[in-house]
């Protein structure tokens, strides 16, 4: 079943490798647009004012630059694609953006548990799955 709007969250370490693996599944499923979403790490609460705005701008520019090869690969496949960089809690932001953008499916790469804290609170993919009514395809290694 082709989907008209596919949301592909990408980020963290190995962004290109993880993004390419997710896109290898997302591109064939997509009959319309692919949205690449990056949710940067939250800034410290002690940074405020103009310094915070400058850091947010730099973070956004760095994320867009890091995702450019992914954007290019989707364009080479003949699919329209755009990038959204949004600050917030990762799982909550993925769920919110999927609703705001009216995504038909979320395609996420997962490599299992990331660290000790995920044993206590669950992985990002698990948290997205528990909190969204949008279909989710989890791509594993």
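Tabulated results
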quantity	calculated
Filter result (under 17 Å from residue 125 (Cβ atoms) and either at pLDDT 95 or above or surrounded by fewer than 22 Cβ atoms within 10 Å (Cβ to Cβ) (or both)) within region 1-10	6, 7, 8, 9
Conditions (1) at pLDDT below 85; (2) exposed (fewer than 14 other Cβ atoms within 10 Å of the Cβ); (3) out of contact with any helix residue (DSSP H, G or I) (no Cβ under 8 Å at 6 or more places or on another chain): number failed by residue 56	(2)
Looking only at region 22-43, and only at residues there that are touching a helix residue (DSSP H, G or I) at 6+ places or on another chain (Cβ under 7 Å) and part of a helix (DSSP H, G or I), the one that is farthest from residue 59 (Cα to Cα)	27
Residue list for region 60-87, filter: closer than 17 Å to residue 42 by Cα, in contact with a strand residue (DSSP E or B) (Cβ under 8 Å, 6 or more places away or on another chain) and part of a helix (DSSP H, G or I)	60, 63, 64
Yes/no for residue 102 being touching a strand residue (DSSP E or B) at 6+ places or on another chain (Cβ under 7 Å) and either without any contact (Cβ under 8 Å) to a residue 24 or more places away in the chain or at positive phi (or both)	yes
Per-region count, region 88-103, residues outside any helix (DSSP H, G or I) and surrounded by 20 or more Cβ atoms within 10 Å (Cβ to Cβ)	1
Boolean, residue 19 is closer than 22 Å to residue 128 by Cβ, in contact with a strand residue (DSSP E or B) (Cβ under 6 Å, 6 or more places away or on another chain) and either at pLDDT below 95 or part of a helix (DSSP H, G or I) (or both)	no
Residue within region 38-59 that is more than 21 Å from residue 132 (Cα to Cα) and within 12 Å of the chain's Cα centre (by Cα) present	no
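The values are calculated or read from the model by the stated rules, or taken from the named source; none is laboratory data. It should be emphasised that the depicted structure is a prediction, and the values quoted were computed from it without experimental measurement. In this analysis, Cβ positions are derived from the backbone assuming ideal geometry, glycine residues included, and neighbour counts consider all displayed protein chains.
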